[in-house]
């Protein structure tokens, strides 16, 4: 009797184990009685690349699988994008840019196909595309000629940072200045900015009509320097160190009437210098905005008389327009060159901001983010 009981108990334990093992297999997505899927999908075929200025449409023939294709991974250089269908639309390219890509299909068991490769070729620049693109889509600072910063890591090209993602494309600049670092340049300022040796396509020369567009992200609580005009983000700087930059896009934190402009609150300002000394003509974009991307465009038609033009847009809305002298008199400069970053009066707090989609062109449409 005791022996029979032991046998019955043994069969019962075995049955429980088999049921448990079956439940584990079901939890892994494996159906009892089916073999594990080891077959990978066919490689995507017939990739079609349709490109226009800064925009690309990708499409390919669907892959096949012994069960079902779950989706596709699209790689542009090292950046991966996952889609469920055989098509993808991408934006934020520079005119003339060449980008290698590949597409890999995968199934529900994560079997992966062989990659299919192609090349994205963006058309060259025209009147409706930027004359020069400095928006960091190269993944580095190669579009710019010089970096001015306490250490190179103060101006980095990143794909994301602290929850901030690029305004366009896959890369943006992270700019940082610290108050505990030695002040830079003769002005005693904290600085982290990049510079181009000259405006592309003669854009920064007397007689040219130049548009600049870019996007700025100031984190919430951004510690700008109070009671100062020197919170500069973007500049056209002359080729002489003896004069002020011709144009600054800056954060004006001086509240009240200052150089002919009424500032009820700190805000974004464009200041224009056309003679030695510090006596700018100022144009206000609007109140300070933090916690999101803000888009700027400013136009300068460079002239030594009233045929010059200065205009500015913020988030697609024109904020000012003026016909006036825009160039230094007396031959102090022969050209102006673009600078981008953060150049501030010395301040104790560390500040971080983000920049993206910088373009120089000959029309609003060609540079607007």
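The values are calculated or read from the model by the stated rules, or taken from the named source; none is laboratory data. Predicted model, so just to flag it, every value in this text is computed and none were measured. Because the Cβ atoms are built from the backbone with ideal geometry, glycine has one as well, and the counts that use them run over all protein chains shown.
Observations, loosely collected:
- Among residues of the range 77-105, those that are assigned to a loop (DSSP other than H, G, I, E, B) and either crowded, with 20+ Cβ neighbours inside 10 Å or at pLDDT 85 or above (or both), counted: 7
- Considering the conditions (1) touching a residue at least 40 places away in the same chain (Cβ under 8 Å); (2) touching a strand residue (DSSP E or B) at 6+ places or on another chain (Cβ under 7 Å), residue 287 is excluded by exactly one of them, (1).
- Remark: pairs (first residue in the range 99-124, on the phi > 0 side of the Ramachandran plot; second residue modelled with pLDDT of 95 or more and surrounded by 14 or more Cβ atoms within 10 Å (Cβ to Cβ); Cβ separation under 9 Å; 6+ apart in sequence or on different chains) = 110/70.
- All positions within the range 100-115 that are under 31 Å from the mean Cα position of the chain (by Cα) and closer than 13 Å to residue 45 by Cα: 102, 103, 104, 105, 115
- Boolean, residue 307 is modelled with pLDDT of 90 or more and more than 18 Å from the chain's Cα centre (by Cα): yes
- Boolean, residue 141 is assigned to a loop (DSSP other than H, G, I, E, B), at pLDDT 90 or above and either at negative phi or assigned by TED's automatic domain parsing to the domain that holds residue 168 (or both): yes
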